[in-house]
Amino acid sequence: MNVRRSAAALAVAVVALGTAAAPAAFADDASPSPKGSPLPSGLYGKKDPQFDGVFRQSYAMLAQKTVGVTPAAKAVDWLTGQQCASGGFAAYRADASEPCNSKTQVDSNSTAAAIQALHALGNESTTVKKSLDWLKSVQNQDGGWGYNPGLPSDANSTGIVVGAFAAVGEKPASVKSQKGKSPLDALTKLAMDCGKDGGAFGLADAKSGKLAPNADATAAGVLGALGQGLVPAKGKETDAAPKCAKPDTAEQAADNGTGYLLKTLAESGHLTSAMPGSEDQPDVGNTADAVVALAAAGQQEQAKKSGEWLSENSAAWAEENGPAAYAQLVFAALATGMDARDFGGADLVKQLNAQGPKPKAVSEVTVGAEEKDEDKDDDGSGVSVWWIVGVGLVAGAGIGFLLSGRKKKNQL
């Protein structure tokens with residue numbers, strides 16, 4: 001769910017299985033980055049797209065659509081051209097004219113991001129359907145998804161895939177594995193008990209497989225358990241923090257995760273990244289994720305406070321990290337009712353547009369987050385707008401994942 005996605009969820013796989021099982025970014029057969037050659041004219045961002053090309057492209061175009069901007073046709077064409085015949089997307093294919101094969105590292109995160117961007121644009125039904133079918137074909141038996149097919153389910157990957165199905169109007173609870181498990185079932189298993197872990201969603205330790213509480217996974221898990229995405233319908237506003245209880249339903253797991261985020265943000269208004277050998281510092285990217293999750297859960301007061309912190313402290317981070325970072329801030333602004341065109345004095349829309357080819361059209365109309373219908377079924381279907389959401393092992397301050405960041409995941 002933030003700038004992280006293409007490599008952050010990749011890091012989940014690394015942490016879960018160890019580096020020997022690391023997917024795309026660590027594989028010898030990963031698509032080479034186009035060093036020394038010009039980037040495609042339809043691509044957003046100027047940095048090496050090897051680990052996040054599809055993700056940042058999808059993120060940027062989805063954010064543009066929500067603020068009334070129609071991306072250039074060549075930007076859409078570049079994204080659709082990245083799809084494999086199977087329907088899956090890899091993080092980046094330098095030569096999309098070459099057919100995908102068994103060595104192509106297709107992944108759930110890139111695919112789910114592309115689905116939501118292309119569906120939002122409203123003109124790529126064939127591409128979207130193929131990708132949805134591919135996601136169903138690689139669903140784990142517990143109902144969730146890992147970054148690459150065959151990897152254990154994690155909250156980040158499962159959350160973004162939930163957003164893809166919800167975006168097209170397919171109830172996440174109805175997307176079931178051969179064993180009859182849905183992604184909501186998987187998310188309850190990835191939610192931690194109350195007590196010292198505070199009801200967070202967890203990430204698996206590389207050696208023991210034991211879950212450890214993580215704010216980024218929690219933001220993803222809350223949105224997934226609510227059946228929503230990064231431009232969610234606003235939850236019914238509430239002043240009370242939810243009570244933590246056994247996470248035996250997706251709804252309760254979302255409540256628990258919401259409480260964890262509230263507690264974590266209460267003192268400073270932002271999350272903190274911790275890098276080995278360096279001082280802790282504010283984690284801008286995952287704070288934006290948390291803002292969106294809290295807004296979806298109806299916790300507008302804290303969401304707005306943290307949104308205001310973002311408006312005052314995100315400029316340098318966004319400039320460094322590029323299109324997906326600007327898109328992420330747009331989503332946070334919309335979730336809190338703030339103006340994306342005047343976010344701490346910055347015009348996020350203008351800055352995002354400058355990250356790629358000149359848009360086809362620009363409107364002042366914004367597709368904002370609507371109030372969630374209280375009569376929606378509690379099955380993870382309550383979505384009003386499309387979403388998506390964000391390599392060394394884990395590095396790069398401000399994006400915050402696991403130890404709160406990655407280096408190559410910041411190559412936007």
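The values are calculated or read from the model by the stated rules, or taken from the named source; none is laboratory data. Keep in mind that what you see is a predicted model, and the values were worked out from it rather than measured. No Cβ is skipped: glycine too gets one built from the backbone with ideal geometry, and neighbour counts run over all protein chains shown. In case anyone asks, the SASA skips ligands and DNA or RNA and just uses the protein heavy atoms, side chains included. Shrake-Rupley method; radii C 1.70, N 1.55, O 1.52, S 1.80 Å.
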Of the criteria (1) assigned to a loop (DSSP other than H, G, I, E, B); (2) open to solvent by 30 Å² or more (accessible area, probe 1.4 Å); (3) within 19 Å of LYS360 (Cα to Cα), which one THR80 fails: (1)
Please specify each residue of the range 307-340 satisfying the condition of being farther than 16 Å from LYS234 by Cα and touching a Leu at 6+ places or on another chain (Cβ under 7 Å). LEU310, SER314, ALA318, ASN321, GLY322, PRO323, ALA324, ALA325, TYR326, ALA327, LEU329, ALA340
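From LEU348, LEU393, LEU352, LEU334, grab the single residue that is farther than 24 Å from ALA316 by Cβ, among the aliphatic types (A, V, I, L, M) and either modelled with pLDDT under 95 or in contact with a helix residue (DSSP H, G or I) (Cβ under 8 Å, 6 or more places away or on another chain) (or both). Can you show your working first?
Details: LEU348 fails: farther than 24 Å from ALA316 by Cβ; LEU352 fails: farther than 24 Å from ALA316 by Cβ; LEU334 fails: farther than 24 Å from ALA316 by Cβ.
Selected residue: LEU393, the only one of LEU348, LEU393, LEU352, LEU334 that is farther than 24 Å from ALA316 by Cβ, among the aliphatic types (A, V, I, L, M) and either modelled with pLDDT under 95 or in contact with a helix residue (DSSP H, G or I) (Cβ under 8 Å, 6 or more places away or on another chain) (or both).
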Kindly indicate whether GLU364 is at pLDDT below 95, open to solvent by 50 Å² or more (accessible area, probe 1.4 Å) and over 25 Å from GLY224 (Cβ atoms). yes
Condition check for ALA85: at pLDDT 95 or above and open to solvent by 10 Å² or more (accessible area, probe 1.4 Å): yes
Test for GLN281: is it closer than 30 Å to GLN64 by Cβ and surrounded by fewer than 22 Cβ atoms within 10 Å (Cβ to Cβ): yes
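Would you kindly identify the helices (runs of 4 or more DSSP H) lying entirely within the range 294-365 that contain at least 3 residues that are closer than 28 Å to VAL76 by Cβ?
Numbers: elements: 300-313, 315-321, 323-336, 348-353.
Answer list for the range 294-365: 315-321, 323-336, 348-353.
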Looking for something open to solvent by 10 Å² or more (accessible area, probe 1.4 Å), within 17 Å of SER177 (Cα to Cα), touching a helix residue (DSSP H, G or I) at 6+ places or on another chain (Cβ under 8 Å) and part of a loop (DSSP other than H, G, I, E, B) - is there at least one such residue anywhere in the range 92-115? no
Taking the range 58-71, which residues are outside any helix (DSSP H, G or I) and open to solvent by less than 10 Å² (accessible area, probe 1.4 Å)? VAL67, VAL69, PRO71
If only one of LEU294, LEU334, LEU348 is more than 15 Å from GLY229 (Cβ to Cβ), buried (at least 24 other Cβ atoms within 10 Å of the Cβ) and among the hydrophobic types (A, V, I, L, M, F, W, C), which one is it? LEU348
Residue check, SER273 against (1) at pLDDT 95 or above; (2) open to solvent by less than 60 Å² (accessible area, probe 1.4 Å), all met but one. Which one? (1)
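For LEU10, state whether it is outside any loop (DSSP other than H, G, I, E, B), at pLDDT below 95 and either open to solvent by less than 10 Å² (accessible area, probe 1.4 Å) or in contact with a Lys or Arg (Cβ under 8 Å, 6 or more places away or on another chain) (or both). Steps first, answer last, please.
On the way: outside any loop (DSSP other than H, G, I, E, B): yes; at pLDDT below 95: yes; either open to solvent by less than 10 Å² (accessible area, probe 1.4 Å) or in contact with a Lys or Arg (Cβ under 8 Å, 6 or more places away or on another chain) (or both): yes.
So LEU10 passes the test.
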